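Reviewing the structure listed below.
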Amino acid sequence: MSDSQGDAPEQSRSAIYRVRGLRAPVQSFIHTEEVGALILLAAAAAAIIWANSPWSDSYFDFWHTKISFDLHIFALSEDLQHLVNDGLMAIFFFVVGLEIKRELLHGELSSVRKASLPVLAAVGGMVVPALAYLAFNSSGEGAVGWGIPMATDIAFAIGVLALLGRRIPVELRVFLLGLAVVDDLGAIAVIAVFYTDTIDWSSLGISLAILAAAALSVRLGIRSMVYYIAAGVSMWYFFLESGVHATLAGVLLAAIVPAGSARGRDEYATALDDLLHDYRLAMSNGDEEHAEIVLEEIEQVSRKTEAPLESLEHMIHPWVSLAILPLFALANAGVVVTSETLSDAAGSSITIGIVAGLLAGKAIGIFGITWLALRFGIGQLPASVTLMHVLGVGFLAGIGFTVAIFISGIAFDDPALVDQAKMGIFVASIAAAIIGYALLRFTGKRDAQTAS
């Protein structure tokens, strides 16, 4: 056997490992979002049932339980609901920040050609819903809620796509992920700029100084996780004190996480070549036990090539999807549903504006801007994705659940207005999920019949 023939299996296996390395993070992300959507839905249902049960008082009393501590330097007194919304959701926005950075560097937003359509579609999916909302709330106490229908809940949207299975092209999921990342970036900007009333500049200065020190530490090669956790908590606290929403601390921290691998490609290639040689030798000798050990070593070596950005995202993302977001839903989705509250919501311009924004504004904005972009030759849809697919995704983007509820909580101080906003979010999100699913299922069935 010639050397070139002997190298062929090794090259083939190397190619397989590279492909698996690229596919695994995407598959893991989508799977986590699918499971997370189910848990999130269960948590929201539990909150509504609890809030409307004979034990409804215990629901509101529990989440309004005060938690206080004073460490001289840090003093905090918040109820449980605010700790979830201001504290745990900062971790959610940290992961969002990691996803945005990854997509900007290596993903669907890493080049103008890739980013043009998702970015434009996302902009349409934010601007048009806000305008639709303002059409019903141009003035008065409801006007401040225009940011609510701009949000998309990626967990629920991906969950609905999962129900469609192979009826839709994989490229459509990638398009939705790119769109959702830009949508998240827009939501972050809206919260930072438009939902901050007064600013304590000294506290903000301290938090930014901590961020600068952490960024310098990264450059100097400091790798202590305890150090960065302490810096992150301190930065979060001073953001909270500054009046700027504390969750934005998570996004800024994500921006300084290194995106490069600590292990060089040449070093990795040499180690992989040696291990593949050992694997081939073990298999030729029939020693499957040793071969399995070598495969585990290959996996460990491959993990060491992961950048801190990727490893942190893979480590924290499941906790966010499977625990933090469901806990947020449990703390915030509890709305008392009575004939009176339903009547108030039905006649509320806030509820109507949110339904119009999420249900119609999202679909019109995403589909309309995409159509215009294609008409003028800006960007190109993947070969397997049609405008009907884009329309279906436009409706799915109207599932605004998590971030929409989050923004409603910081937009309105009056609990009655928050409840009216939540009613609109629930109605619009359910309708958007049903219409989006039906459209994409019909499109997938039609495409299958055309292909046959």
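The values are calculated or read from the model by the stated rules, or taken from the named source; none is laboratory data. The structure presented is a predicted model; accordingly, all values stated were derived computationally and were not measured. Glycine gets a Cβ as well: all are built from the backbone with ideal geometry, and neighbour counts include every protein chain shown. Accessible surface areas use protein heavy atoms only, side chains included; no ligands, DNA or RNA. Shrake-Rupley method; radii C 1.70, N 1.55, O 1.52, S 1.80 Å.
What residues qualify as long-range amide H neighbours of Asp79, i.e. H under 5 Å apart, gap of 5 or more or another chain, H built at 1.01 Å from N?
Result for Asp79 returns Ile67.
Keeping all protein chains in place and using 1.4 angstrom, which order do Phe74, Phe401 fall into by accessible surface area, from largest down?
Descending accessible area places them as Phe74, Phe401.
At 0.36 nm per residue, minus the direct Cα-Cα distance, what do Val170 and Asp79 gain on full extension? Give it in nm, one decimal, please.
28.5 nm
Considering only protein heavy atoms, with the full assembly of protein chains and a 1.4 angstrom probe, order Glu313, Glu297 by accessible area, largest first.
From most exposed to least exposed: Glu297, Glu313.
If I model a spin label at Phe62 and His106 as a point 7 Å from the Cα along the Cα→Cβ vector, what separation in nanometres do I get?
It is 4.0 nm.
If we count every other residue with Cβ under 13 angstrom of Thr247's Cβ, Lys/Arg +1 and Asp/Glu -1, where does the sum land?
Net local charge, Thr247 excluded: -2.
At 1.4 Å probe size, what's the solvent-accessible area of Asp413? Round to the nearest 10 Å².
150 Å²
Which value, in Å² and to the nearest 10, is the accessible area of Met225 when all protein chains are kept and the probe is 1.4 Å?
About 100 Å², ignoring ligands and nucleic acids.
Could you work out the Rg to Rh ratio of the stretch 325-381, with Rh taken as the Kirkwood radius (inverse of the mean 1/r over all Cα pairs)?
1.24
Could you grab the relative contact order for the stretch 90-186? Cα pairs under 8 Å, six or more apart, rounded to a whole percent.
Relative contact order of the stretch 90-186: 42 percent.
How high is the FRET efficiency between Arg441 and Ser202 when r is their beta carbon distance and R₀ equals 56 Å, given to the nearest 0.05?
0.50
Suppose accessible area is computed on protein heavy atoms with a 1.4 Å probe; arrange Ile229, Ile350 from highest to lowest.
Ile229, Ile350
At 1.4 Å probe size, with no ligands or nucleic acids counted, give the accessible surface of Tyr228 in Å², nearest ten.
50 Å²
Provide the FRET efficiency to the nearest 0.05 for the Ala255-Thr341 pair, computing r from the beta carbons and using R0 = 41 Å.
Computed FRET efficiency for Ala255 and Thr341 comes out at 0.50.
Report the label-to-label distance for Asp70 and Leu216 in nanometres (one decimal), using points 7 Å from each Cα along the Cα→Cβ vector.
Roughly 3.3 nm, to one decimal.
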